[in-house]
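Novice: I'd like to ask some things about the structure below.
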Amino acid sequence: MPFYETPEDRAQERSVGRHLSKAWDVDIWSFTPHTTTGDLLLGRENELKAICEVKTRNNPIAQYETYIISRNKLERISQAAETFNTKGLLVVRFDDCLCWHDAQAALDYPTEVGGRYDRGDHNDIELMVHIPIEKLRKVKNGDYKGSTY
């Protein structure tokens, strides 16, 4: 199976991690590259607080009515969080804000077959969860309008 994560993706994850660290007063521990369950671990006082999947969307948050993500990805994050008795979070960086949603709770939203068609990879077509944009919660100080972040 092809691996699509790029060095730019890892740089975005580190940048999001720095922002979460300041906004939520947490330590950021990064997963090793090529991990398929989560991108960042959040901790405080050496205790794991959350496993985060970080996504980047190159559009403003209001451009679409829903945020679409792989159901399988949400299930993996939720399962890992349950295993380690912590929270599973989806964190999305849009052009104008940084938002989050509980991964387990997101599994309650409508699911449809969909995905990417631009890479010609049949694995990109799968069950996708449609999270209503208004259900995403903004990270405090998460306004990125005009930021190079």
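Novice: Show the residue pairs meeting these rules: Cβ distance below 8 Å; 6+ apart or different chains; first residue within segment 78-95 and over 26 Å from residue 61 (Cβ atoms); second residue part of a strand (DSSP E or B) and of a type in the set (D, E, K, R).
Specialist: Taking only residues 6 or more apart or on different chains, the pairs are 86/49.
Novice: For segment 121-149, which residues satisfy the criterion of being of a type outside the set (D, E, K, R), modelled with pLDDT of 90 or more and in a strand (DSSP E or B)?
Specialist: If the condition is that a residue be of a type outside the set (D, E, K, R), modelled with pLDDT of 90 or more and in a strand (DSSP E or B), then 127, 128, 129, 130, 131, 132, 139 are the ones that fit.
Novice: Considering only segment 62-98, state which residues are in contact with a helix residue (DSSP H, G or I) (Cβ under 7 Å, 6 or more places away or on another chain), β-branched (Val, Ile, Thr) and assigned to a strand (DSSP E or B).
Specialist: Matches in segment 62-98: 66, 91.
Novice: Still on this structure, I have one more. Only residues in segment 99-120 that are on the phi < 0 side of the Ramachandran plot and assigned to a loop (DSSP other than H, G, I, E, B) count as the first member; pair them with residues that are of a type in the set (A, V, I, L, M, F, W, C) and modelled with pLDDT of 95 or more, Cβ under 9 angstrom, at least 6 apart or cross-chain, and list the lot.
Specialist: 107/74; 107/129; 108/129; 109/129; 109/131; 110/129
Novice: Quickly run through segment 101-120 and pick out the residues that are within 17 Å of the chain's Cα centre (by Cα) and either of a type in the set (Val, Ile, Thr) or modelled with pLDDT of 95 or more (or both).
Specialist: Within segment 101-120, 101, 102, 103, 104, 105, 106, 107, 108, 109 qualify.
Novice: Can you find a residue in segment 44-57 that is modelled with pLDDT of 95 or more and out of contact with any Gly (no Cβ under 9 Å at 6 or more places or on another chain)?
Specialist: no
Novice: Looking at segment 45-69, I want the residues that are touching a residue at least 40 places away in the same chain (Cβ under 8 Å) and closer than 15 Å to residue 131 by Cβ and have a partner that is hydroxyl-bearing (Ser, Thr, Tyr) and part of a strand (DSSP E or B) with Cβ atoms under 9 Å, at least 6 apart or on another chain. Which pairs are those?
Specialist: 61/67
Listed here are the residues, each with its yes/no results for (1) crowded, with 16+ Cβ neighbours inside 10 Å; (2) aliphatic (A, V, I, L, M); (3) touching a strand residue (DSSP E or B) at 6+ places or on another chain (Cβ under 9 Å); (4) farther than 21 Å from residue 115 by Cβ.
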residue: 46; (1), (2), (3), (4): no, no, yes, yes
residue: 50; (1), (2), (3), (4): yes, yes, yes, yes
residue: 57; (1), (2), (3), (4): no, no, yes, no
residue: 79; (1), (2), (3), (4): no, no, yes, no
residue: 84; (1), (2), (3), (4): no, no, yes, yes
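Novice: Would it be correct to say that residue 92 is in contact with an Asp or Glu (Cβ under 6 Å, 6 or more places away or on another chain), modelled with pLDDT of 90 or more and surrounded by 19 or more Cβ atoms within 10 Å (Cβ to Cβ)?
Specialist: No: the conditions fail for residue 92.
The values are calculated or read from the model by the stated rules, or taken from the named source; none is laboratory data. In this text the structure is predicted, and so the values were computed from the model without any measurement. As a convention, Cβ positions derive from the backbone with ideal geometry for all residues, glycine included, and neighbour counts pool all protein chains shown.
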